[in-house]
Amino acid sequence: MRNEMVVSISSVIARIKNVLTQTMDLDGIWIQGEISNLTKHRSGHYYFSLKDKSGEMSCVMFSSYVSRLNFNVEEGMRVLVSGSINVYEQRGSLQLVIRQMKQDGLGDLYLEFEKRKQDLLRAGYFDESHKKAKPDYIENIGVVTGAQAAALQDVLSTIQRRWPMMKVTLYPSLVQGSFAPKSLIQSLKEADTHNHDALLIVRGGGSFEDLFCFNDVQLVKTIYSLNTYIVSGVGHEVDTTLCDLVCDHRSATPTAAAQWVTLDQYEVMTQVLKDRELLRQNMSMILNHNKLKLDSYKNHPYLKEPKSFIIEKQLKLDGYNTQIEHALELELQKKNVIKNYTQQMHLRMMNIVKVQENKLSMVPEKLRSNMQVLLQNSRHSLQKNCALLDAYSPLKVLSRGYSISKIEDKVIKHVKDVARDDIMVTRVNDGVITSCVVSTKEE
């Protein structure tokens, strides 16, 4: 053992880490795999395994790189990643530190789809306020789809079953491939000029790549600018395209789109029969009611003898005239009574004014006399009070030989109030004496 080298496990792991990081260069390499055991830590770091059919490797993606992702990472997602090899020294495990990640295969299309969706959303192309209301009655539609497409047959068979009198015009277009957007735009613009009640854009189900032509930006802008009410029915229920989002109404399938713009002839016939029966009942009620009114008019006494109606009204009118004349006479009497009351009130007021004027003329003399009495009484009272104040004044007392002593503004009344060496201030009649207490004696 003396000639053998002994090292710690941490030294071995550190050596392995050093060798791997210096010799294993993964720059420019994209590693393909499926995400497994995904953990999104509260710190923002992602921990997961990347695996394929025969291998699996631990991975970590720190929050600073996670924040740069433009899609949601989910369990089981196939991705392409790039980064570097590292050794987690505490466990001695191999680990892939990921700096970039993108979706594999269709992931680029999904990213492009999301980018276009967000751009158009911010620009307002999907706003509900711009969408047109469904017409009350639709009898003339245009269908934009492939001439041989199964979706066209679904639409036509649905219309034939539900509302065969519908007028349908086909505007054939490509619905798959790179030339499809331009073809769809041309067909839509042409159909918009023919005053249809509604336009249907339909296509059967397919892969995300097959339906990607309905995510064309110019196609979305064209649909946004059209004047006709537009219904989309592209793909299956799980498929959603940008065309669906900009149209005035989105149906899950071509069949659903045809159902949306058509009435059910059997339901309409049933409703017509109900309305006809209701109309018949209402008309019967109206006729019966008017018949009763007519019978009552025929039996009315005034209609049988119109002159008696006139004579009765004349008698009432004469009675009203007599009442008016009597009421007028009463009003004249009341007017005369009011006139007499007014004259009497005027005379009374004149007498009252004269009496008050006489009383008022006597007021100044009485006021003068009362003020003199009051002034004399007040003068006597003032003199009396002054005499009392002078008699009780402390200065009067001091003038008779008395004095007032204080220590710190406290009047001394007893010997006990004074101590030796206190400074005492004594007030006499003509001034103030300040003294120091030498001794006190109680008597």
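Packing, taken as the mean count of other beta carbons within 10 Å per residue, orders the peptides 185-192, 372-379 from highest to lowest as 185-192, 372-379. Packing around the peptides 406-418, 157-169, taken as the average count of other Cβ atoms within 10 Å per residue, puts them in this order, highest first: 157-169, 406-418. Taking label positions 7 Å along the Cα-Cβ direction at both Tyr392 and Arg368, the computed distance is 4.0 nm, reported to one decimal.
Listed here are the pairs Lys293/Lys316; Lys384/Lys410; Lys413/Lys441; which of them are more than 24 Å apart at the Cα? The answer is Lys293/Lys316; Lys384/Lys410. Solvent-accessible surface of protein heavy atoms, probed at 1.4 angstrom with all chains present, puts Thr440, Thr222 in the order Thr440, Thr222, largest first. Rounded to the nearest 20, the Cβ-based charge dipole of the range 23-130 about its Cα centre (Lys and Arg +1, Asp and Glu -1) stands at 240 debye.
Simple rule: put +1 on each Lys or Arg Cβ and -1 on each Asp or Glu Cβ in the chain, find the dipole, and look at Cys213, Leu330, Leu156; the Cα lying farthest toward the positive end is Leu330. Charges were assigned to the Cβ only: +1 to each Lys and Arg, -1 to each Asp and Glu. The resulting dipole of the range 211-336 about its Cα centre is roughly 860 debye. As a calculated quantity, the FRET efficiency between Tyr266 and Ser207 at R0 = 35 Å, using C-beta atoms, amounts to about 0.40. Taking the alpha-carbon distance from Lys102 and a cut-off under 16 Å, which lysines remain once sequence neighbours fewer than 8 residues away in the same chain are dropped? By straight Cα distance, Lys102 reaches Lys51, Lys115.
Projecting the Cα atoms of Leu188, Tyr224, Gly83 onto the charge dipole of the chain, computed from C-beta unit charges around the Cα centre, puts Tyr224 farthest toward the positive end. Computed from label points 7 Å out along Cα-Cβ, the spacing between Arg122 and Ser378 is 9.2 nm. If only the Cβ of Lys and Arg carry +1 and only the Cβ of Asp and Glu carry -1, the dipole of the range 69-165 around its Cα centre is close to 80 debye.
Sorting Thr434, Thr228 by accessible area puts them as Thr434, Thr228; the probe is 1.4 Å, largest comes first, and only protein heavy atoms count.
Its DSSP H runs of at least 4 residues, each contributing -39,500 (n - 2.57), put the calculated 222 nm mean residue ellipticity of the chain at -16500 deg cm²/dmol, to the nearest 500.
Cα-Cα over 28 Å: which of Lys274/Lys298; Lys131/Lys167; Lys334/Lys354? Beyond 28 Å: Lys274/Lys298; Lys334/Lys354. Ordering Ile98, Val373, Leu279 by the projection of their Cα atoms onto the charge dipole of the chain, which places +1 on the Cβ of Lys and Arg and -1 on the Cβ of Asp and Glu, puts Val373 at the extreme positive end.
Summing charges over neighbours of Gly235, with a neighbour being any other residue whose Cβ is under 14 Å away from its Cβ, gives -4 when K and R count +1 and D and E count -1. For Glu267, the solvent-accessible surface computed with a 1.4 Å probe is close to 130 Å², ligands and nucleic acids excluded. Working from label points 7 Å from Cα in the Cα-to-Cβ sense, the Ile9 to Leu328 distance is 13.1 nm. Between Lys134 and Val97, the FRET efficiency estimated from the beta carbon spacing at R0 = 45 angstrom works out to 0.25.
The values are calculated or read from the model by the stated rules, or taken from the named source; none is laboratory data. Keep in mind it's a predicted model, so treat the numbers as computed, not measured. Don't worry about glycine lacking a Cβ; one is built from the backbone with ideal geometry, like all the others, and counts go over all protein chains shown. Remember, those area values only see protein heavy atoms, side chains included, never the ligands or the DNA or RNA. Shrake-Rupley method; radii C 1.70, N 1.55, O 1.52, S 1.80 Å.
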